[in-house]
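Chemist: First, the structure itself, so that you have it in front of you.
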Amino acid sequence: MLAVFFQTYLKLFFILTPFFAISAFLSLTQDLSPAERKKTAVKVTLAVIISSLVVYLYGRYIFELFGITLDAFRIGAGAILFLSAMNMVGGGGKKFEAGNDDDDIAVVPLAIPIVVGPGTIGALLVMGSTVQGLKDQALACAALLSAVLTVGVLLFVSSGLKRLLGKRGLNILSRLTGLLVASIAAQIFFTGLRNFMLN
């Protein structure tokens, strides 16, 4: 049970692209004071918890509503997640603009779409729809909550991480995360493709 929790936790942690999120967070909050930056980190964490849990728990109803098969969605979600991973491996060239206040920054674009982007949403929908039984669902939700809180803690101490690792160190970790996310995306994609071909 502990092994399943840890495996799920690690997969979800890397799907949330923590080091790419840290780089974006530092860039968008560079004009804020240390106290404001920490306050924004807490808001981002809360926004990610709410959005990811909603997607994870209620994704199966989206499939039922639109009549989409899980395997068809696996193929689409895997492809989108793979493209997001390639963006990270390539250095994440997309630039995000901050809003007029820290509330806008915390929810959009930091929580959505930087941490919970299209690829992440797709992966969460697929993973949430494959969990069966109340016990397994509780375990998966605990793993998701732990993963989000870990990312939140990293955002909270992001200034110290930047001093410790430097910009180059964060960039390397972001690229390595991209490689891991690409392998998760490939697994989702080819599982969906195999099942789709067999049915």
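The values are calculated or read from the model by the stated rules, or taken from the named source; none is laboratory data. Predicted, not measured: the structure shown is a model, and the values here were computed from it. Positions of Cβ are backbone-derived with ideal geometry, glycine not excepted, and every protein chain shown enters the neighbour counts. For accessibility, only protein heavy atoms count, side chains too; no ligands or nucleic acids. Shrake-Rupley method; radii C 1.70, N 1.55, O 1.52, S 1.80 Å.
Chemist: What is the helix-to-structure angle for 34-66, meaning the angle in degrees between its Cα long axis and the longest Cα principal axis of the chain, kept from 0 to 90 and rounded to the nearest 10?
Modeler: 10
Chemist: Hey, in the GNM for the chain with a 10 angstrom Cα cutoff, which one of F82, F14, F66 fluctuates hardest?
Modeler: Answer for the Gaussian network model of the chain: F66.
Chemist: What shape does the stretch 113-169 have by the C-alpha gyration tensor, where a ≥ b ≥ c are the square roots of the eigenvalues, rounded means a/c under 1.5, and otherwise prolate means a/b greater than b/c and oblate the rest?
Modeler: prolate
Chemist: Moving on to the next point. Could you tell me what percent of the accessible area of the chain is made up of carbon and sulfur, with a 1.4 Å probe and every protein chain present?
Modeler: 67
Chemist: Now a separate question. With angles folded into 0 to 90 degrees, how steeply does helix 134-156 sit against the dominant principal axis of the chain? Use alpha carbons for both and round to 10.
Modeler: That helix lies at roughly 20 degrees to the long axis.
Chemist: Put a dot 7 Å past each Cα toward the Cβ at F5 and Q137; how far apart are the dots in nm?
Modeler: 1.9
Chemist: Moving on. Compute the Cα gyration tensor for the stretch 144-199, then decide on rounded, prolate or oblate, letting a ≥ b ≥ c be the square roots of its eigenvalues: rounded whenever a/c is under 1.5, prolate when a/b is larger than b/c in the other cases, and oblate in all that remain.
Modeler: oblate
Chemist: 222 nm [θ] for the chain, helices only, -39500 (n - 2.57) per DSSP H run of 4+, per residue, to 500?
Modeler: Using -39500 (n - 2.57) per qualifying helix, the result is -27500 deg cm²/dmol.
Chemist: Still on this structure, I have one more. Would you mind pulling out the separation of the Cα centroids of the stretch 138-199 and the stretch 1-18, in Å?
Modeler: Each part's Cα centre sits 8 Å from the other's.
Chemist: Still on this structure: Rounding to the nearest 10 and keeping the result within 0 to 90°, find how far the Cα-based axis of helix 2-15 lies from the longest principal axis of the chain.
Modeler: 60
Chemist: Now, a different point. Pick from A41, A85, A186: which is most flexible by mean-square fluctuation in a GNM of the chain where alpha carbon atoms under 10 Å apart are linked?
Modeler: A186
Chemist: I've got another one for you. Read through the labelled values [x] 10.7; [y] 11.6; [z] 13.4 and report the label of the one computed as mean projected area of the Cα convex hull in nm² from the structure.
Modeler: Recomputing mean projected area of the Cα convex hull in nm² here picks out [y].
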